[in-house]
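Engineer: Okay, here's the structure, questions in a sec.
The values are calculated or read from the model by the stated rules, or taken from the named source; none is laboratory data. These numbers were taken from a predicted model, which means no experiment stands behind them. Heads up, the Cβs are rebuilt from the backbone with ideal geometry, glycines too, and the neighbour counts pull from every protein chain shown. Remember, those area values only see protein heavy atoms, side chains included, never the ligands or the DNA or RNA. Shrake-Rupley method; radii C 1.70, N 1.55, O 1.52, S 1.80 Å.
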Amino acid sequence: MTQHIGIAACSAEGAALCYRTICTEGAQPLGAAHAHPEVSMHTPSLAHTMSLIYQGDWRGVGEVMLDSARKLASVGADFLICPDNTIHQALPHVIARSPRPWLHIADAVMAEAKARGFSRVGLTGTKWLVEGPVYPKELVRPAAVEREEINRIIMDELVCGVFKPAAVRYFQDIMEKMKRAGCDAVVLGCTEIPLIMNDANSPLPTLDSTRLLARAALRRAVGR
């Protein structure tokens, strides 16, 4: 028996990639074509979540996550994941009252960084993520002006399913600067970034937070 995965979604693009990864990669650990664990997803309005983030109301974001948790638990989810790095900042307000345990996206990413022997890692993502406590302080962050442009690309383009060559070039420039600063890998710390960046077009090896969370959920679901 596999465990039932509950996805507490935030943005559609990141959640869809995570969901798709679980479903398409489930066959390998389960040893049967088309096999994957049971998966349920709840997606509140992104506009509501963003209004709370713009106000700095992380407790309010936590309440949104708790609402998803309760609904997912009610349909049988055994544990929960959130394919959104930014709103993990609200997870401390959630854990104690959650009806089900959560896997933490940064734990999955940093475990992979350790397993691959990376010693100096860069971080890309929304301005709330790179300025917040979700990832370890020692990760290399973009400069302030770069954070604003990355945030604009994420919120105005990637979250809306808009993928432009100029955005790819901007991320490549940021990652090249990180490489020159001594980084040996970079976290794709917005779950939409892997839709335009990967090992093939990045100056640095990438740590794909979306797929790494999905794979961690698969391992949990199949008991590995």
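Engineer: Output yes when any residue across region 27-47 is open to solvent by less than 20 Å² (accessible area, probe 1.4 Å) and of a type in the set (A, V, I, L, M, F, W, C), and no when none is.
Structural biologist: Checked against the condition, which is being open to solvent by less than 20 Å² (accessible area, probe 1.4 Å) and of a type in the set (A, V, I, L, M, F, W, C), region 27-47 yields no hits at all.
Engineer: Out of all the residues in region 89-113, which are open to solvent by less than 10 Å² (accessible area, probe 1.4 Å) and in contact with a Pro (Cβ under 9 Å, 6 or more places away or on another chain)?
Structural biologist: Ile105, Ala106
Engineer: How do the strands (runs of 3 or more DSSP E) wholly within region 1-106 filter down when requiring 2 or more residues that are over 14 Å from the mean Cα position of the chain (by Cα): which remain?
Structural biologist: Answer list for region 1-106: 5-8, 39-42.
Engineer: From the list Asp57, Asp67, which residue is open to solvent by 10 Å² or more (accessible area, probe 1.4 Å) and free of Cβ contacts under 8 Å to residues at least 12 places away in the same chain?
Structural biologist: Asp57
Engineer: Now for a different question. Show the residue pairs meeting these rules: Cβ distance below 7 Å; 6+ apart or different chains; first residue within region 180-198 and free of Cβ contacts under 8 Å to residues at least 12 places away in the same chain; second residue hydroxyl-bearing (Ser, Thr, Tyr).
Structural biologist: Asn198/Thr206
Engineer: Identify, by number, the condition in (1) among the basic types (Lys, Arg); (2) over 21 Å from Asn151 (Cα atoms); (3) without any contact (Cβ under 8 Å) to a residue 40 or more places away in the chain that Lys177 doesn't meet.
Structural biologist: The number of the failed condition is (2).
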